[in-house]
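The structure appears below as structure tokens.
The values are calculated or read from the model by the stated rules, or taken from the named source; none is laboratory data. Predicted model only: the values in this text are computed from it and were never measured. Heads up, the Cβs are rebuilt from the backbone with ideal geometry, glycines too, and the neighbour counts pull from every protein chain shown. Side chains are part of the model used for accessible areas, which takes the heavy atoms of the whole protein and leaves out ligands, DNA and RNA. Shrake-Rupley method; radii C 1.70, N 1.55, O 1.52, S 1.80 Å.
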Amino acid sequence: MTCGIVLASKSQIRSLLMEKAGIEFSTVDPAIDEKEVKLSYISNNYPARDIADVLADMKARKISNRFSDSIVIGCDQILDFNSKILSKAKDQEELIHQLKQLQGNKHKLHSACVVYKAQKPEWRFIGSVSMTMRNLSDRYISKYVQDNWDDIKHSVGGYQIENSGISLFSKIDGDYFSVLGLPIIQLIDHLLNRGVIEQ
């Protein structure tokens, strides 16, 4: 691989968004220890928005070091609830606990995207979305997690608004694609302006 576009992510939904947009690309898993990096920045009181940006940058930079002739796209998403960062739940019990915290409240999703070329960052964007969750019963939350676990276990917050997770929310303020984990509209604008893709 010596040219083209590389998505430094193993996320299926990000790949699907790129495919639907008609962008030709390859995927490479950046294999970043996100948990350790996140804990380090949290302990140094970095805001959630900045941590999303740092992680996206690290992923893009790591893959750009391997494929310096390629346009490399790194992404990350952080859930911020009352200035506390929630990570992906390790099991159903933890996700049920998280959703019980989130229900009836607002939280924010910060979706960062960073583009590298020749081992240097050339563009970055962070989409922040306010999510208002409905008042949900404990029974509903437990059933939702049990019924959807295989689909949602890799999603921060344990929901996919493109699927049944939309039923959890009463209001969403912000860019739909940022909720999915990739601010694709802004990314396309950059790739068009740079001449990487054409319309």
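Centroid-to-centroid, using Cα positions, the range 5-78 and the range 106-170 are 16 Å apart.
Could you report the range 3-62's accessible area per residue, 1.4 Å probe, as an integer in Å²?
Details: 3340 Å² over 60 residues.
I get 56 Å² per residue for this part.
Classify the range 128-199 as rounded, prolate or oblate, taking a ≥ b ≥ c as the square roots of the eigenvalues of its Cα gyration tensor: rounded when a/c is under 1.5, otherwise prolate if a/b is larger than b/c and oblate if not. Verdict is prolate for the range 128-199.
Sites count as exposed loop sites when they are GluC sites (Glu not before Pro), lie in a DSSP loop, and have at most 16 other Cβ atoms within 10 angstrom; the longest stretch of the chain without one is 25-161. Hydrodynamic radius of the chain by the Kirkwood approach over all distinct alpha-carbon pairs: 17.4 Å. Per-residue surface analysis assigns Trp149 an accessible area of about 40 Å², computed on protein heavy atoms at 1.4 Å probe radius.
Each residue was assigned an accessible area with a 1.4 Å probe, and for Lys117 the value is about 60 Å².
Percent of accessible area on the chain owned by carbon and sulfur, 1.4 Å probe? Write out the running numbers ahead of the final one.
Working: 4560 of 10350 Å².
Accessible surface attributable to carbon and sulfur in the chain totals 44 percent.
Could you work out the helix-only [θ] at 222 nm for the chain, with each DSSP H run of four or more residues adding -39,500 (n - 2.57) and the total divided by the number of residues, to the nearest 500 deg cm²/dmol? Estimated from H runs of four or more residues: -12500 deg cm²/dmol.
To one decimal place, what orientation-averaged projected area in nm² is obtained for the convex hull of the Cα set of the range 1-54?
That works out to 4.8 nm², a quarter of the Cα hull's surface.
The Cα-based radius of gyration of the range 57-149, divided by its Kirkwood radius, gives an Rg/Rh of 1.14.
Backbone N atoms of the range 128-156 closer than 13 Å to the 7 Å Cα→Cβ label point of Gln103 belong to residues 133-146. Summing +1 for each Lys or Arg and -1 for each Asp or Glu, what net charge is found among the other residues whose Cβ lies under 11 Å from the Cβ of Asp29? After counting each charged neighbour, the total is +3.
Could you rank the peptides 76-85, 96-105 by their average count of other C-beta atoms within 10 Å per residue, with the highest value first?
Working: 76-85: 19.0, 96-105: 16.6.
The packing order, highest mean first, is 76-85, 96-105.
Given the chain, what percent of its DSSP beta bridges are antiparallel, to the nearest 5? Write out the running numbers ahead of the final one.
Values: 29 of 35 bridges.
Here the antiparallel bridges make up roughly 85 percent for the chain.
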